[in-house]
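Chemist: Just passing along the structure, written as structure tokens.
The values are calculated or read from the model by the stated rules, or taken from the named source; none is laboratory data. Note that the structure is predicted; figures quoted are calculated from it, not measured. A quick note on method: Cβ atoms are made from the backbone with ideal geometry, for glycine too, and the neighbour counts reach across all protein chains shown.
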Amino acid sequence: MAKGGKRPNTTVTIVAQQSLPVTLDDKGEGQATVDIPDFNGELRLMAQAWTEEHFGMAEGKTVVAAPLIAELSAPRFLAGGDRTSLALDLANLSGRAQQLSVEITTDGQLSLAANAVQSVNLAEGQRSTLMIPVQAQGGAGAGQGACPGDGPATAERAGQCVRT
């Protein structure tokens with residue numbers, strides 16, 4: 001940034017992985033294992049094959065998604081005393097209906113303005129957005145909102161930059 005200050009956090013995850021060369025079997029097939037980080041989205045897979053006389057390549061796309069996707073969104077800046085809502089987007093890709101008890105936590109300069117626990121029923125393939133009322137405290141500093149959990153989905157922390 002030309003005038004100084006911290007660059008804002010981004011929620012875009014870029015995945016770039018590469019495997020070592022793979023030896024093919026008699027059928028011309030091989031297998032490569034690549035560790036994928038916590039990621040929901042589309043990946044493009046590319047492969048190259050070569051011999052001393054020939055060269056070839058192929059590519060394809062695949063979708064990677066957790067059984068339950070939870071993404072927490074928030075405004076970038078708040079002033080002390082401001083009230084707003086965090087948006088928790090939920091998507092059920094588990095293959096079955098889910099009954100969820102969602103708990104939101106905050107820390108720093110951000111506090112909950114309502115009940116921290118909400119229940120939601122999601123049919124298979126259903127998406128829903130929960131609005132979580134919060135308030136910025138007085139004083140400068142950062143606040144965090146999070147959806148902690150140890151199940152199939154844990155929302156990313158959504159940072160707040162609170163200024164007065």
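Chemist: Looking at segment 67-78, I want the residues that are over 12 Å from Leu90 (Cβ atoms) and have a partner that is buried (at least 21 other Cβ atoms within 10 Å of the Cβ) and at pLDDT 85 or above with Cβ atoms under 6 Å, at least 6 apart or on another chain. Which pairs are those?
Modeler: Short answer, once both residue conditions are applied: Ala74/Leu86; Leu78/Ala136.
Chemist: While we're looking at this one, here's another question. What's the number of the only condition in (1) touching a Leu at 6+ places or on another chain (Cβ under 6 Å); (2) in a strand (DSSP E or B); (3) closer than 15 Å to Ser73 by Cβ; (4) modelled with pLDDT under 85 that Leu130 fails to meet?
Modeler: Among (1) touching a Leu at 6+ places or on another chain (Cβ under 6 Å); (2) in a strand (DSSP E or B); (3) closer than 15 Å to Ser73 by Cβ; (4) modelled with pLDDT under 85, Leu130 violates only (4).
Chemist: Looking at this structure, is Ala65 over 17 Å from the mean Cα position of the chain (by Cα), more than 18 Å from Ile132 (Cβ to Cβ), surrounded by fewer than 18 Cβ atoms within 10 Å (Cβ to Cβ) and of a type in the set (A, V, I, L, M, F, W, C)?
Modeler: Details: over 17 Å from the mean Cα position of the chain (by Cα): no; more than 18 Å from Ile132 (Cβ to Cβ): yes; surrounded by fewer than 18 Cβ atoms within 10 Å (Cβ to Cβ): yes; of a type in the set (A, V, I, L, M, F, W, C): yes.
In short, no.
Chemist: Any idea which residue in segment 81-117 is farthest from the chain's Cα centre (by Cα), counting only those that are assigned to a loop (DSSP other than H, G, I, E, B) and over 16 Å from Ala136 (Cβ atoms)?
Modeler: Asn115
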